[in-house]
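*Asks:* Below is the structure I would like to discuss, written out as structure tokens.
The values are calculated or read from the model by the stated rules, or taken from the named source; none is laboratory data. From a predicted model like this one, the values you see are computed outputs, not experimental measurements. Here Cβ is always computed from backbone atoms with ideal geometry, including for glycine, and neighbour counts include all displayed protein chains. With ligands, DNA and RNA removed, areas are computed over all heavy atoms of the protein, side chains included. Shrake-Rupley method; radii C 1.70, N 1.55, O 1.52, S 1.80 Å.
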Amino acid sequence: MNSQDIRKKFLKFFEDRGHTVVPSSPLIPDDPSVLLTTAGMQQFKPYFTGDADPIRDFNSKNTASVQKSFRTSDIDEVGDKTHLTFFEMLGNFSFGGYFKEEAIKYAYDLMKEYGLEIDYVTVFGGDDITPKDEASERIWKEIGIDDIRFEGREDLFWGPTGNEGPCGPSTEVYIDGVEVWNIVFNEYYRESDGTYRKLKTPGVDTGMGLERLTVALQDKDNIFDTDLFSPIIELLPDELEEKQKRVIADHARGISFLVSDGVRPSNKEAGYVLRRLMRRVITHQYLYGEDRKDTFPLSPVFKKVVDIYGGFYDELDLEAVKDVFSEERDKFLKTLRRGIKELNNMESINAEKAFKLYESFGLPYEVTKEIAQDKAGKLNREDFEKAFDEHRAKSRAGQEAKFGGHGLILDTGELKARDKEELVKVTRLHTATHLLQASLRNTLGDDVRQAGSDITAKRLRFDFTFDRRLEDEELQEVEDWVNDKIERKLDVQFKELPYEEAIESGALYFEREKYPNTVKVYSVLDEDGKPVSKELCGGPHVANTSEMGKFKIIKQESVGAGVRRIRARLE
């Protein structure tokens with residue numbers, strides 16, 4: 001059975017049993033807690049938490065999907081028989097439609113339809129916090145599975161993304177000694193104080209790796225021998241080592257999907273992940289072909305990726321992939337040669353030297369590690385990232401000193417502006433986020449805290465902790481409060497204070513941010529000089545709220561358990 005048929009059979013199986021087939025969400029999730037989509041359940045989070053209605057959106061409480069996914073934690077490990085960056089997750093989900101009995105029987109029946117025999121299953125064995133999953137044990141025994149193995153919380157209890165949220169035990173299916181399917185039962189809710197309560201409406205969240213399932217169904221030794229990879233690897237030169245072929249094949253897939261989902265190479269977030277993949281591939285290509293005429297082109301490799309996956313993922317854009325890769329290759333090759341020459345002149349390479357190679361020549365950690373071999377024996381990613389963070393902190397401090405704290409950096413991660421005109425607009429919106437947070441706390445209570453933000457010249461996006469949808473009246477009250485402060489033409493001022501003193505003064509701060517010892521505290525002051533908003537921030541801000549214009553909330557959204565999002569603009 002080829003990989004296309006494996007996907008089709010999975011979706012047809014669940015569609016025939018009342019599930020709505022939902023297309024894969026993009027690799028860039030609408031969720032501030034994660035960089036990339038790593039699991040099939042991410043697009044369904046609001047339905048598990050009750051913030052969205054599956055009947056309204058899917059006409060069913062049960063869904064199934066094949067989700068494209070990406071994990072950055074395994075980039076350095078790619079090259080062995082199992083690790084990947086891009087992968088696909090087959091999943092079925094229920095938001096109160098069915099629970100353990102049906103989910104386990106579905107898994108058993110589908111394995112039979114695939115012609116696979118279950119070796120054994122694992123079940124949560126219980127601990128002092130939550131009891132043994134006796135229901136799952138009973139159901140597996142009733143359908144004829146005798147080899148049931150019990151494991152602990154670390155392996156078989158799936159917790160919430162943050163401190164609180166839906167969670168529960170799982171049961172895993174093993175084929176040929178390999179775990180292929182994980183079935184999670186969200187039957188508890190973990191409170192912020194660490195206690196657990198039973199959910200009134202439990203849910204089912206499953207994930208089965210397509211690559212592992214394909215290994216079993218095609219009777220292969222490893223994922224790279226399956227039809228998902230072998231046609232790509234066949235295009236690569238025989239002289240390349242097996243590990244190099246696997247790295248290129250894996251990264252070519254990842255590059256193709258990231259670019260097609262709109263990611264472009266950069267030095268931060270998803271763009272940095274894409275750049276790492278591209279430059280690693282470019283280096284392998286360069287080392288193989290620099291001194292020979294028969295260097296291998298990458299365009300046929302990308303075309304083969306699209307040939308393999310394009311029938312299912314019609315968003316794949318071959319021309320965009322080739323163009324973006326070619327542009328990055330042209331940029332990188334200009335410095336790669338000089339960087340390799342500099343590297344070869346070094347007797348040994350530690351984190352500081354590796355970062356210098358990155359800063360001066362653009363050589364990523366992986367490239368330095370691969371080329372240097374024994375000379376970089378003591379080099380590890382943790383030390384490299386530490387050197388990178390220290391440099392970034394110094395750069396930020398230097399910019400603040402140069403521009404008086406008003407951050408004339410047009411892409412800080414939170415603020416994005418292409419020119420001075422846009423900078424004026426994001427400055428107004430940035431001040432608006434401070435007033436928005438103060439207004440939310442005024443309306444909803446002091447438990448509201450910032451969970452993320454993103455500002456462009458057109459709008460602001462503000463994420464905050466809150467466990468339900470805001471009523472229309474509450475949204476209006478929030479909007480009116482902000483506009484009142486704008487209409488009153490209040491001054492905006494800042495003070496430099498030691499970090500601890502700033503916190504003690506009651507200034508709000510973003511818990512995910514790392515702050516220097518001395519910080520700026522921006523305050524919006526009322527007519528009596530009392531702050532209506534007070535936050536740790538590096539700027540930029542308006543001098544007076546009269547500069548801002550009318551504040552308008554566009555919409556509210558859920559982005560995960562206990563986190564809401566407001567989008568707004570200034571008119």
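*Asks:* Surrounded by fewer than 17 Cβ atoms within 10 Å (Cβ to Cβ), assigned to a strand (DSSP E or B) and not polar (S, T, N, Q): is that true of Phe93 in this structure? Don't jump to the end; show me each part of the working.
*Replies:* Details: surrounded by fewer than 17 Cβ atoms within 10 Å (Cβ to Cβ): no; assigned to a strand (DSSP E or B): yes; not polar (S, T, N, Q): yes.
Judged against the criteria, Phe93 is not a match.
*Asks:* Is there a residue being assigned to a strand (DSSP E or B) and touching a Pro at 6+ places or on another chain (Cβ under 8 Å) anywhere in the range 456-464?
*Replies:* Our first condition is that a residue be assigned to a strand (DSSP E or B); within the range 456-464, this holds for 460-464.
With the extra rule that they be touching a Pro at 6+ places or on another chain (Cβ under 8 Å), the set shrinks to 463.
Checking the range 456-464: at least one residue is assigned to a strand (DSSP E or B) and touching a Pro at 6+ places or on another chain (Cβ under 8 Å).
Residues checked against (1) surrounded by 16 or more Cβ atoms within 10 Å (Cβ to Cβ); (2) part of a loop (DSSP other than H, G, I, E, B):
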| residue | (1), (2) |
| --- | --- |
| Val492 | yes, no |
| Lys495 | no, no |
| Glu527 | no, yes |
| Ser533 | yes, no |
| Gly549 | yes, yes |
| Arg565 | yes, no |
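*Asks:* Another question about this same structure. Need pairs with beta-carbon distance below 6 Å; first residue within 15 Å of Met41 (Cα to Cα) and open to solvent by 10 Å² or more (accessible area, probe 1.4 Å) and within the range 200-225, second part of a helix (DSSP H, G or I) and of a type outside the set (A, V, I, L, M); sequence gap 6+ or separate chains.
*Replies:* Filtered contacts from the range 200-225: Gly207/Gly40.
*Asks:* Considering each of Glu501, Glu473 in turn, give the residue that is part of a helix (DSSP H, G or I), out of contact with any Cys (no Cβ under 8 Å at 6 or more places or on another chain) and within 25 Å of Ile566 (Cα to Cα). First the steps, then the outcome.
*Replies:* Working: Glu501 fails: within 25 Å of Ile566 (Cα to Cα).
None of the others qualify; the one that does is Glu473.
*Asks:* Any chance you could count how many residues in the range 245-257 are out of contact with any Leu (no Cβ under 8 Å at 6 or more places or on another chain) and open to solvent by 10 Å² or more (accessible area, probe 1.4 Å)?
*Replies:* Within the range 245-257, residues that are out of contact with any Leu (no Cβ under 8 Å at 6 or more places or on another chain) and open to solvent by 10 Å² or more (accessible area, probe 1.4 Å) number 1.
*Asks:* When the range 318-351 is examined, which residues are found to be within 28 Å of Gln67 (Cα to Cα) and open to solvent by 70 Å² or more (accessible area, probe 1.4 Å)?
*Replies:* Glu319, Asp323
*Asks:* Give the range 28-78 a look and list any residue that's under 27 Å from Gln4 (Cβ atoms), in contact with a Lys or Arg (Cβ under 6 Å, 6 or more places away or on another chain) and either touching a residue at least 40 places away in the same chain (Cβ under 8 Å) or among the small types (Gly, Ala, Ser) (or both), or say none.
*Replies:* Val66
*Asks:* Could you look through the range 434-485, keep only residues that are among the small types (Gly, Ala, Ser), under 28 Å from the mean Cα position of the chain (by Cα) and over 22 Å from Val424 (Cβ atoms), and pick out the one that is surrounded by the fewest Cβ atoms within 10 Å (Cβ to Cβ)?
*Replies:* It comes out as Gly452.
*Asks:* Let me ask something additional. Of the residues in the range 234-278, how many are touching a residue at least 24 places away in the same chain (Cβ under 8 Å), outside any helix (DSSP H, G or I) and not basic (Lys, Arg)?
*Replies:* Going through the range 234-278 one residue at a time, the tally reaches 9.
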